[in-house]
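The values are calculated or read from the model by the stated rules, or taken from the named source; none is laboratory data. Computed from a predicted model, the values in this text were never measured in an experiment. A quick note on method: Cβ atoms are made from the backbone with ideal geometry, for glycine too, and the neighbour counts reach across all protein chains shown. For the accessible areas, the whole protein counts, side chains as well, though only heavy atoms, and no ligand, DNA or RNA atoms are used. Shrake-Rupley method; radii C 1.70, N 1.55, O 1.52, S 1.80 Å.
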Amino acid sequence: MTTTSIQDLFAHNRAWAAQMERDRPGFFTSLVKQQTPKYMWIGCSDSRVPANQITGLDPGEVFVHRNVANIVVSSDLNALSAIQFAVDVLKVEDIMVVGHYGCGGVKAALENVRVGLADNWIRNIKNVRDRHQALLEAVPADVRTDALVELNVAEQVINVAVSTVMVDAWARGQKVNIHGWAFGVHDGLLQDLGITVSGEKSLEGAYKAAVQRIRHKWSRPAGGEPVTIEPRRNRQPGNGPA
Ligand SMILES: [Zn+2]
């Protein structure tokens, strides 16, 4: 569906609401009562990565927080409030931090591109870049952005896990899993990066194993092909900082 004007958005909305009501009578009436999502999605603001569409989830099924390059920092009241509401009030069972290959924010951090005010936000990814400088330098330049996309997801999974919200939730015995995923804009597929944490004890091991896997995945002998990555045909370059 190609949108040509703001007015079209309202036309599409009316058509969508009518179709939903035809397909599932009473759908909106039941939504009004409450939301009971099992999932929280922390993703990039990039317009190509819509949480519900990618996962086939309906309205009411996933609680979403998005920002440039799916970052969670302990000074960000917005992200922490969303996580707190999701965990304490909605009682979500799974939180997924979802990066995406070709992320413009990650690319800007890697290449030191000046964007503007957003540079201050992207500084958080530069910190990830600097922490893994040796790994990134050992990875071929053409896949370095995607390696950093995955490293950023691993770091943000840890940032969620060490937040006061999660520390308290696990201390009182609440079951919440935090997952790290990456989305392929080039093929529409989600990859599980294998860094699922379900409590404080599993943190360090899961993080180290994930970084090890990322190193192995993106390293390749000089002039050789990547070791285990997915086919990279039809890859579109990212546009914009998200
Ligand atoms: Zn992005």
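Using Cα pairs under 8 angstrom and six or more residues apart, how large is the relative contact order of segment 99-195, in percent?
31 percent
Expressed in nm to one decimal, what extension gain is obtained for the pair Val32 and Arg172 from 0.36 nm per residue of sequence separation less their Cα-Cα distance? Intermediate values should be presented prior to the final figure.
On the way: separation 140, 0.36 × 140 = 50.40 nm, distance 3.03 nm.
Once the chain is fully extended between Val32 and Arg172, it gains 47.4 nm.
Here the dipole of the chain is about 160 debye; that uses its Cα centre as origin and unit charges on the Cβ of Lys and Arg (positive) and Asp and Glu (negative). Counting 0.36 nm for each residue step from Asp192 to Ala209 and taking away their Cα separation leaves a gain of 4.8 nm.
Taking all protein chains into account, the per residue accessible area for the chain stands at 53 Å² (1.4 Å probe).
Can you tell me, using C-alpha contacts under 8 Å and at least 6 residues apart, the relative contact order of segment 12-160 as a whole percent?
Details: 172 pairs, mean separation 35.3, N = 149.
Over segment 12-160, the number comes to 24 percent.
With contributions of -39500 (n - 2.57) from each DSSP H run of at least four residues, the per-residue ellipticity at 222 nm computed over the chain stands at -13500 deg cm²/dmol.
Please report the antiparallel percentage of the DSSP beta bridges confined to the chain, to the nearest 5.
Values: 4 of 22 bridges.
Of all bridge pairs located within the chain, approximately 20 percent are antiparallel.
By the Stokes-Einstein formula, at 1.306 mPa s and 10 °C, segment 1-81 with its Kirkwood radius over alpha-carbon pairs has D equal to 106 µm²/s.
Projected label points at Ala15 and Lys91, each 7 Å from Cα along the beta carbon direction, are separated by 4.0 nanometres.
What per residue convex hull volume, in Å³, comes out for the chain when only alpha-carbon positions are used? Please report the intermediate quantities before stating the final value.
Details: hull volume 35.6 nm³, N = 242.
Considering the Cα atoms of the chain, their hull volume per residue is 147 Å³.
Extent of segment 1-141 along its three principal axes (Cα atoms, max minus min coordinate, largest first): 56, 41, 28 Å. Residues whose amide H comes within less than 5 Å of that of Phe183, counting only those at least five positions distant or on another chain, are Gly99, His100, Tyr101, Gln191 (H built at 1.01 Å from N in the peptide plane). Between Asp8 and Ser45, the FRET efficiency estimated from the beta carbon spacing at R0 = 22 angstrom works out to 0.50. The lysines within cross-link reach of Lys175, meaning a Cα-to-Cα straight distance under 20 Å and a gap of 8 or more places when in the same chain, are Lys38, Lys91, Lys201.
Report the residues of segment 31-56 in range of a label on Asn78: point 7 Å along Cα→C-beta, backbone N strictly under 18 Å from it. The answer is 41-51. Enter the Cα centre distance for the pair segment 70-89 and segment 123-198, rounded to the nearest angstrom. About 16 Å separates the Cα centre of segment 70-89 from the one of segment 123-198. Charge dipole of segment 1-69 (Cα centre as origin; +1 on each Lys and Arg Cβ, -1 on each Asp and Glu Cβ, all else neutral): 120 debye, rounded to the nearest 20.
Mind ranking 177-188, 99-110 by how tightly packed they are, going by the mean number of other C-beta atoms within 10 angstrom, highest first? Could the numbers behind the result be given before it?
Values: 177-188: 19.7, 99-110: 25.8.
In descending order of packing, they fall as 99-110, 177-188.
Considering only Val165, Val62, Val49, the residue lying farthest towards the positive end of the dipole of the chain is Val49, judged by Cα position with unit charges set on Cβ.
Please compute the volume of the convex hull spanned by the alpha-carbon atoms of segment 106-179 and report it per residue in Å³. Kindly include the intermediate steps, with their values, before the conclusion.
On the way: hull volume 7.2 nm³, N = 74.
Spelled out: Cα convex hull of segment 106-179, divided by residues, is 97 Å³.
Remark on Ile195: its backbone amide H falls under 5 Å from those of Gly180, a criterion applied only to residues 5 or more positions apart or on other chains, H modelled at 1.01 Å from N.
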